[in-house]
1. Just report the Cα centroid separation between region 15-68 and region 214-231, whole Å.
2. Non-local amide H neighbours of Ala114 (under 5 Å, H modeled in plane, Pro and chain starts lacking H): which ones?
3. What is the set of long-range amide H partners of Gly182 at a cut-off below 5 Å, with H atoms built 1.01 Å from backbone N?
4. Highest mean first, what order results for 206-217, 30-41 on Cβ atoms within 10 Å?
5. For Cα pairs less than 8 Å apart in space and 6+ apart in sequence, what is the mean separation divided by the residue count of region 137-237, i.e. the relative contact order in percent?
6. Estimate the FRET efficiency between Lys219 and Val30 by the formula 1/(1 + (r/R0)^6), using the beta-carbon distance for r and 45 Å for R0, to the nearest 0.05.
7. Tell me the label-point distance for the pair Asp40, Lys71, using the 7 Å Cα-to-Cβ offset, in nm and rounded to one decimal.
8. Which whole-Hz couplings ³J(HN,Hα) result when phi for each residue of region 113-129 is put into the Karplus expression 6.51 cos²θ - 1.76 cosθ + 1.60, θ = phi - 60°, listed in order with x for Gly and Pro?
Amino acid sequence: MRKLLSTLAVLLSLIAAIAVTAGVFIGIVVIQEKLFVPGDHLMWIFKYPFSRFVLIYQLLLMVGVFYVLNKKMKRKLGVTPSHPNHSFLHKNRRLMLSIFIFLNLALFYILISAVTVIKEDEIRNYSYLSPQGEDYRYEDVVKVEAGVYGDRFYLPFTHDQGDFYYVIELPDGSKVDLTEVGGVKGQEDERFVIEDIDRELVDKGVPKDTSLRNFEYTKDHLAKKYTDSIHRILENK
C-alpha cells in the first residue's frame with residue numbers, strides 16, 4: 001500500500017508540474033504581447049536563441065515544482081520516510097530554494113525581454129540590457145542574410161534541414177531572424193509578411209546576401225505557395 005501511495009504521489013506531482021510549466025510558457029507569450037507588441041505591428045519575433053531557452057527554463061521549473069510537490073504530496077499521503085533525511089539538498093534546502101528562485105526569475109526576465117517588433121517602417125529591438133527598446137528605421141538595417149538550412153548536423157531544438165531563415169543585422173550588432181515568429185498581425189503566414197518587408201528593405205538599398213542553395217529542401221515539408229514565396233524572397237535583390 002505504501003508503495004502504491006508513493007507511486008500515486010509521484011504521478012500526481014508530475015502531472016501538476018507539467019501543467020504548471022505549460023501554463024508558464026503560455027504566460028510568457030501573453031506577457032510579451034501585452035508588454036511589447038503594439039496594435040500597429042506587422043509581426044513580432046521571439047528572438048533566437050532565447051526562444052529555445054524556454055525549453056531549458058521549462059525543464060528547470062518542472063524539476064523544481066515536481067520536487068516540492070512530490071514532497072508535499074507524500075507528506076499528505078503519509079508516505080514520507082521515517083528515517084531522518086541527511087542529504088545535501090535537505091540540509092541546504094533554503095539556500096537551494098533561493099538559488100532556484102533567483103535563476104528562474106533571471107531566466108524569466110531574459111526570456112520576456114527577447115522580443116523584436118516589426119512595424120510598417122520601424123523596427124523596435126528589445127533585450128534584457130535594453131528593456132525600453134531601441135528604434136530603427138528600415139534603412140538603418142546593416143544587412144540581410146537569407147537562405148535555407150542544408151543537410152548537416154544540427155543540435156536538437158535549433159534548426160532542421162529545409163528551414164528558411166531571414167536574418168537582419170541591426171546597427172547595435174544584434175541579429176534577428178524574422179522566421180522566429182512570435183506572432184503575426186491578422187494571422188497571415190509569416191513568409192508572406194517577410195516577403196513584403198524584404199521588398200521594402202531592398203527598395204531602401206539595404207545590402208542583401210542570399211543563396212538558393214538547399215532551396216529544394218523546403219519542398220519536403222511546405223506547400224507550393226509557401227516555397228514560391230521563399231523563392232521570391234531569395235531572388236529579390
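Derivation of every value follows stated rules applied to the coordinates shown; laboratory data play no part. Bear in mind the structure is a predicted one, so any value in this text is a computation, not a measurement. As a convention, Cβ positions derive from the backbone with ideal geometry for all residues, glycine included, and neighbour counts pool all protein chains shown.
1. 29
2. Residues meeting the criterion, in which the H sits 1.01 Å from N, do not exist here.
3. Trp44, Ile45, Phe46
4. Values: 206-217: 14.9, 30-41: 13.4.
Ranked from most to least packed, the peptides come out as 206-217, 30-41.
5. 36
6. That pair, Lys219 with Val30, gives E of 0.80.
7. Modelled inter-label distance: 5.2 nm.
8. 8, 7, 10, 10, 10, 9, 10, 4, 9, 8, 10, 10, 10, 9, 7, 5, 8
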